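This report refers to the structure that appears directly beneath it.
Only the coordinates and a few stated rules stand behind these numbers; no lab work does. What you see is a predicted model, and the numbers here were worked out from it, not measured in a lab. So basically every Cβ, Gly included, is an ideal-geometry build from the backbone, and we count neighbours across all protein chains shown.
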Ligand code: SF4
Ligand code: SF4
C-alpha cells in the first residue's frame, strides 16, 4: 500500500516536471523581448523624464524664466540656483543664471509643475556620460538659448 | 523578552559550530540585510537579523520638508510598490486638509496601484524561485513585468520609483492608449498566468521546498504584528482595502485570498491569488471609469490645520500606516511610518531556529521583504 502511494507520487512528480519543461521549451520559440541596445533603441514614452531643461519664449527666443525662484524653493533636493535681473529697457525680470545640480536631482518634477510660466520641461536626453562630475553638478540650462543680456 | 545570542568559548567553536555572516551583500537577502546565523553544521541554532544599513532618516527628513517635497521621497522607501506609498501619503494629507478627490482620479489611482501590485508580486515570484534555484520563472516573470512597467512608464514617466498622485488628484489624465493597453495586458496575462502555475505551482521540487517550511502559527502571526500576504497565509482574512477602504476600494468587488497552513506554500498561493484579484479590480475599474476632472482645486502651498491623521494602506507587502502630526505650518511636525516589511521580518529569527540554511533562505524569500523599507 505504502509502495503504491510512493510510486504514484514519483510518477506525478515526474509528470509535473514534464509540464514545467513544456513551458520552458515553449519559451525557446518565442521572439526575444529584449532590445539590442545600442543597435536598436526602445521608444521613449511621452512622459519620459530626462534632466530638466529651459524652454525658450516663442516670440523673443529668450529663456521663458522670470526668475521667480518658485522652482528653487520647492525643489526637495535644493539643486536649482536661479538669479535674474531686468534687461536694459525691459519691465520684467529675466533669468541671467539657471544652474542645475543634476547629481542631486531625483527627477521628481516638482520644479516643472510649480513653474507659473511653464518655463521648465523634461528633456528627452538619456544617453548621458561625461569624463568629469562638473558636467553634471553645474549644468547651465541657459547655455543653448539666446541671452537677453 | 529578547533571547540573548549564544556565546561560545573558543573550545566550542569547531567546523560544526560557527557563526555565519549572511549579507549585507547577499543575493538571498534581497538588499542590505545582514543576518548572523549561529550554525550547527547545516542547521541554524540562532538567527540574528541586523538592520539599518540603508537607514536614511525618512521620518526626520520629512519633518524638515514641506508636504509636497516629502511626496517623491515616500515613494523611494518601497521601490517595488512605490505607488502604494505615493497613495498613502497623498491620502493622508488629503484627509488632514479635507481635500476632495474627483471620482476619475480615484479610479485611475486604483488602476495604477493594482498594476503596481501585480508587478511587485511578479518580481517576488521570479526572485523567490531564483532563491529556490529555478531560473526560468525569473525570466518569465520579468517579461510580463516589463509590460506593466511600460504601461506605468507611459503615464508616470518613471519605471520604478513612480510618483504619480498629487494632493487632490492626478497631475495628468490617462488617455485611451493607456486604458486599451491595460485591457490588452490583462487579457493576455490571464492566459499566461496558467503557464506560471504549470511551471511552478504543481512542480514537485517546488512543493517539497516550500510545503511545511517556515510555518507561522496564527497565534504568532497576530502576536508579531504581521500583515499582508504573510498574515493571510496564516488564516486571517485581513486586508486594509476591505476593512478600512480608501480611494474608493469599497466600490469594487474582490475576494481576500486566505490560506490556513501558514507555510511558504501558503504565502505563495495567497500572492498568486492576489494577482488574479488585482486583475479583477482593474477590470472593474476599467469598466466603470467615469469622465470628468482629474484634480480638484487645492492651494499651491499646503498648510494643513493643526491636528493629526492616521492613514492605513494595503501595500503589496502588507499594511502601511502613515501618522502625521501637523502644527499648522508648512512642514509636518512629526511623521511616523509603520512599514509592513519591518514587522514581517521580526518573526524570522523565531522561524529560522532549527531550520536548514537553505530552508531559512526560502522562508526569507517568502516574506517578500524590501530592505530599504525596513531600514527607511
Ligand atoms: S526634478 Fe525635482 S529634484 Fe530635480 S530639480 Fe526639479 S524639483 Fe529638484
Ligand atoms: S519657477 Fe519657472 S519662472 Fe520661476 S524661477 Fe523657476 S523656471 Fe523660472
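Those residues that are away from every other protein chain (no Cβ under 14 Å), farther than 16 Å from residue B:263 by Cβ and touching a residue at least 24 places away in the same chain (Cβ under 8 Å), I need them from region B:190-223; list them, please.
Of everything in region B:190-223, just one residue is away from every other protein chain (no Cβ under 14 Å), farther than 16 Å from residue B:263 by Cβ and touching a residue at least 24 places away in the same chain (Cβ under 8 Å), namely B:190.
Hey, among the residues in region A:50-67 that are closer than 22 Å to residue A:137 by Cα and out of contact with any helix residue (DSSP H, G or I) (no Cβ under 9 Å at 6 or more places or on another chain), which one's nearest to ligand 2 (Cβ to nearest atom)?
Residue satisfying both the conditions and the ranking: A:67.
State yes or no: is residue A:22 away from ligand 2 (no atom under 16 Å from the Cβ) and in contact with a strand residue (DSSP E or B) (Cβ under 7 Å, 6 or more places away or on another chain)?
no
Look at region B:326-344 and say how many of its residues are crowded, with 19+ Cβ neighbours inside 10 Å and in a strand (DSSP E or B).
3
Of (1) surrounded by fewer than 23 Cβ atoms within 10 Å (Cβ to Cβ); (2) outside any loop (DSSP other than H, G, I, E, B), residue B:360 satisfies all except one. Which?
(1)
Being outside any helix (DSSP H, G or I), without any contact (Cβ under 8 Å) to a residue 40 or more places away in the chain and crowded, with 19+ Cβ neighbours inside 10 Å narrows it down to one of B:247, B:234, so name that one.
B:234
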